[in-house]
Amino acid sequence: MSRRGTFADIAADLPAGNDLVTTEQTVLDNIKQEIANYDDVVDSARAAVDAEKSMSLREALRRYPKAAGWSILLSTAIVMEGFDVVLINNFYALPQFSQKYGVQLPDGKYTITAAWQAGLSNGAQVGEIIGLCLNGWSSERFGYKKTMIAALSMMICAIFIPFFAKNIETLLVGEILQGIPWGVFQTLTTAYAAEISPVALRPYLTAYVNLCWVIGQVIASGVLRGVLTWDSQWAYRLPFALQWLWPAPILIGTIFAPESPWWQVRTGQHDAARKTIKSLFNNSTEEEVENSISLMVHTNAIEKELSAGTSYWDCFRGVDLRRTEVASGAWMIQNLCGSAFMGYSTFFLEQAGLATTNAFNLSIAQYALGICGTLSSWLFMTRFGRRRLYLVGLFGMICFLLVIGGMGFISTSNSGAQWAIGAMLLAYTALYDATVGPVCYTIVGEISSTRLRAKTVVIARVAYNIIGIVNGIIMPYFLNAQKLNWGAKTGWFWAGFCIICFIWTYFRLPEAKGRTYGELDVLFENKVSARKFAATVVDQFAGHESSHSPSGGRVEDIDEKKFINGGQGDVVHLESI
């Protein structure tokens, strides 16, 4: 039997029970009534999909250098958060800071009490949750650009509070207020990077957010090591002041940055979206611009028909519930896999028995390895995908945590064991920042529907911060000499959670490598198993009467492949038609 013909012809010849007109076909029929020149839009959108998926990394950099540049600029705001997280958590090991804000121990030394350690560490987390909720509303109403400008302006003002804080209570207020713009940066930068970049650049630009986090950590560790011998208040005031280096230049750059074209299409600003695409796309032709607009219009129309809203409640309805779960789970794993050790690395290494100077030196090496790990993740993601890196990373971290926990039983009396714990922490950091750390940002940025991306990313980050708050409460009690004082033995506690994360990843985390947003819509609509995402061929335009095939050619060119027709539950084998 000939394989030539449109999908409508194939549908007519299918035996009973394999009819192609299903829920997704109904969706397509409905959006035909909403989109003028629907046939032309579909053909144009299909051409955009084919162009994006065939684009190499080199070609993407050549055609989209401005998209990469603007994404990198906005994402650099995350450096401030990475800087302060390390700053406040490792100030607990800085004698000058403890003497100013802490209490004196019987042996004459000063320390920040476990309760205030938890309060300061969680103050920023509370502020971030407020910022996250504001961003979910503001970025959809006013756009990414205006929201970013407002957050950077607030950041400049908020830094004054910890810089001039006379007591620990004022310092807590400063951490909370600084956390609000950080919450905006956490999610806006990821969503912005995901929306202005083509498929080929998406993993690099979203993972760059994690690189910025690690850069901030390296700078903070270096600064803390540098002021360790200062016998004055500037040992802790100067690091606070250095936070002013970042927001002003980023703010100036953001004023000239383009808005997300996906947001412009969602709000009906098609002409503005065309101008934005032309500014991001080097040497673009009118046809290429129209193809990109058509893809955005078609994808937005499908998602609008499927979820019919952009409220937070829509993130928990229908297929979007699973997408919210995946995004939240991927981000929660960052805090459930034992990464709390890295945030408290200097204090932790001190409690494990290392001298303060050596603890600070190792923390610098730790974050330097984190940069190398993040850079290597760019290569790994394009070759192995997201799901496999998560699984490999979690398995390796389980092993490292078990070793760290075991060393904890002998570290107090054995200097070799103390250095072994430091070495394991370095290896753990390198593996984390080559896998779970950066890959998470790519997963969260691409797994949500385009209409609900800002809110899904916000919900996922709130889930991350809630676990972070729990970590901020329990870690000081695990490590503080006045409380549990478990030290390295805490590794076994986190190894148990890391095993749970591995199991969830295996059964629930899908592979989104190389997928367009429309294809992901179809896969989720069909409830495809996470383990089968990578192997399933998808055509978001199936059901449209056209001579195009799922692979971009005619139906006759497909042999022995299976694909999902526009979101139908059945997998159709063309060779059997």
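The values are calculated or read from the model by the stated rules, or taken from the named source; none is laboratory data. Predicted, not measured: the structure shown is a model, and the values here were computed from it. Note: ideal-geometry Cβ built from the backbone for every residue, glycine included; neighbour counts use all protein chains shown. The protein model used for the area step is the full one, side chains on, heavy atoms only, and it has no ligands, DNA or RNA in it. Shrake-Rupley method; radii C 1.70, N 1.55, O 1.52, S 1.80 Å.
May I ask you to verify whether residue 481 is buried (at least 18 other Cβ atoms within 10 Å of the Cβ), in a loop (DSSP other than H, G, I, E, B) and at pLDDT below 65? Spelling it out, it is not the case that residue 481 is buried (at least 18 other Cβ atoms within 10 Å of the Cβ), in a loop (DSSP other than H, G, I, E, B) and at pLDDT below 65. Among residues of segment 70-99 that are more than 13 Å from residue 117 (Cα to Cα) and in the same structural domain as residue 159 (by the TED database), those with a Cβ under 6 angstrom from a residue that is outside any helix (DSSP H, G or I) and open to solvent by less than 10 Å² (accessible area, probe 1.4 Å), sequence gap 6+ or separate chain, pair up as 70/257.
Taking the condition farther than 19 Å from residue 510 by Cα and open to solvent by 10 Å² or more (accessible area, probe 1.4 Å), does residue 431 pass? For residue 431, the condition - farther than 19 Å from residue 510 by Cα and open to solvent by 10 Å² or more (accessible area, probe 1.4 Å) - is met. Against the conditions (1) surrounded by fewer than 21 Cβ atoms within 10 Å (Cβ to Cβ); (2) under 27 Å from residue 190 (Cα atoms), residue 108 satisfies every one except (2).
Here the condition is being touching a residue at least 12 places away in the same chain (Cβ under 8 Å), open to solvent by less than 10 Å² (accessible area, probe 1.4 Å) and more than 23 Å from residue 358 (Cβ to Cβ); of 469, 447, it holds for 447 alone. Test residue 291 against the criterion of being buried (at least 22 other Cβ atoms within 10 Å of the Cβ), touching a residue at least 12 places away in the same chain (Cβ under 8 Å) and not assigned by the TED database to the domain that holds residue 195, and give yes or no. Yes; evaluated as a whole, the condition is true for this residue. Among the residues of segment 33-59, those that are in contact with a helix residue (DSSP H, G or I) (Cβ under 9 Å, 6 or more places away or on another chain) and hydroxyl-bearing (Ser, Thr, Tyr) comprise 38, 44. Taking segment 315-345 as the range and being touching a residue at least 12 places away in the same chain (Cβ under 8 Å), over 15 Å from the mean Cα position of the chain (by Cα) and within 15 Å of residue 444 (Cα to Cα) as the test, the residues that pass are 315, 320, 322.
Is it fair to say residue 73 is among the aliphatic types (A, V, I, L, M), modelled with pLDDT of 90 or more and open to solvent by 10 Å² or more (accessible area, probe 1.4 Å)? Answer is yes for this residue.
Only one of the numbered conditions (1) under 21 Å from residue 277 (Cα atoms); (2) among the polar types (S, T, N, Q); (3) open to solvent by 10 Å² or more (accessible area, probe 1.4 Å) is not met by residue 170, and that is (1). Considering segment 124-152, the residues that are farther than 18 Å from residue 94 by Cβ, of a type in the set (Gly, Ala, Ser) and in contact with a helix residue (DSSP H, G or I) (Cβ under 6 Å, 6 or more places away or on another chain) include one that is surrounded by the fewest Cβ atoms within 10 Å (Cβ to Cβ), namely 143. Answer yes or no as to whether residue 311 is hydroxyl-bearing (Ser, Thr, Tyr), surrounded by fewer than 23 Cβ atoms within 10 Å (Cβ to Cβ), at pLDDT below 90 and more than 21 Å from residue 187 (Cα to Cα). No. Among the candidates 454, 512, the residue that is within 29 Å of residue 133 (Cα to Cα) and outside any helix (DSSP H, G or I) is uniquely 512. For segment 180-233, residues that are of a type in the set (D, E, K, R) and either open to solvent by less than 10 Å² (accessible area, probe 1.4 Å) or in the same structural domain as residue 330 (by the TED database) (or both) total 2. Considering (1) assigned to a helix (DSSP H, G or I); (2) at pLDDT 85 or above, the lone condition that residue 488 does not fulfil carries the number (2). Looking at segment 265-287, is at least one residue acidic (Asp, Glu), open to solvent by less than 60 Å² (accessible area, probe 1.4 Å) and farther than 30 Å from residue 89 by Cα? Within segment 265-287, not a single residue is acidic (Asp, Glu), open to solvent by less than 60 Å² (accessible area, probe 1.4 Å) and farther than 30 Å from residue 89 by Cα. For segment 379-398, give me each residue that is open to solvent by less than 60 Å² (accessible area, probe 1.4 Å) and at pLDDT 85 or above. Listed by number, the residues that qualify are 381, 385, 386, 387, 389, 390, 391, 393, 394, 396, 397, 398.
In contact (Cβ under 8 Å) with a residue 24 or more places away in the chain, buried (at least 19 other Cβ atoms within 10 Å of the Cβ) and touching a Phe, Trp or Tyr at 6+ places or on another chain (Cβ under 9 Å), is that true of residue 57? For residue 57, the condition - in contact (Cβ under 8 Å) with a residue 24 or more places away in the chain, buried (at least 19 other Cβ atoms within 10 Å of the Cβ) and touching a Phe, Trp or Tyr at 6+ places or on another chain (Cβ under 9 Å) - is not met. The set of residues in segment 84-105 being open to solvent by less than 20 Å² (accessible area, probe 1.4 Å) and assigned to a loop (DSSP other than H, G, I, E, B) consists of 92, 93, 94. Listed by position, the helices (runs of 4 or more DSSP H) enclosed by segment 128-211 that each have at least 2 residues that are under 19 Å from residue 253 (Cβ atoms) are 144-158, 168-196. Is it fair to say residue 505 is touching a Cys at 6+ places or on another chain (Cβ under 6 Å), open to solvent by less than 10 Å² (accessible area, probe 1.4 Å) and closer than 15 Å to residue 328 by Cα? So residue 505 does not fit the description; no.
Kindly establish whether residue 539 is modelled with pLDDT under 85 and surrounded by 15 or more Cβ atoms within 10 Å (Cβ to Cβ).
Details: modelled with pLDDT under 85: yes; surrounded by 15 or more Cβ atoms within 10 Å (Cβ to Cβ): yes.
So residue 539 passes the test.
Of all the listed residues (412, 429), the sole one being in the same structural domain as residue 329 (by the TED database) and at pLDDT 85 or above is 429.
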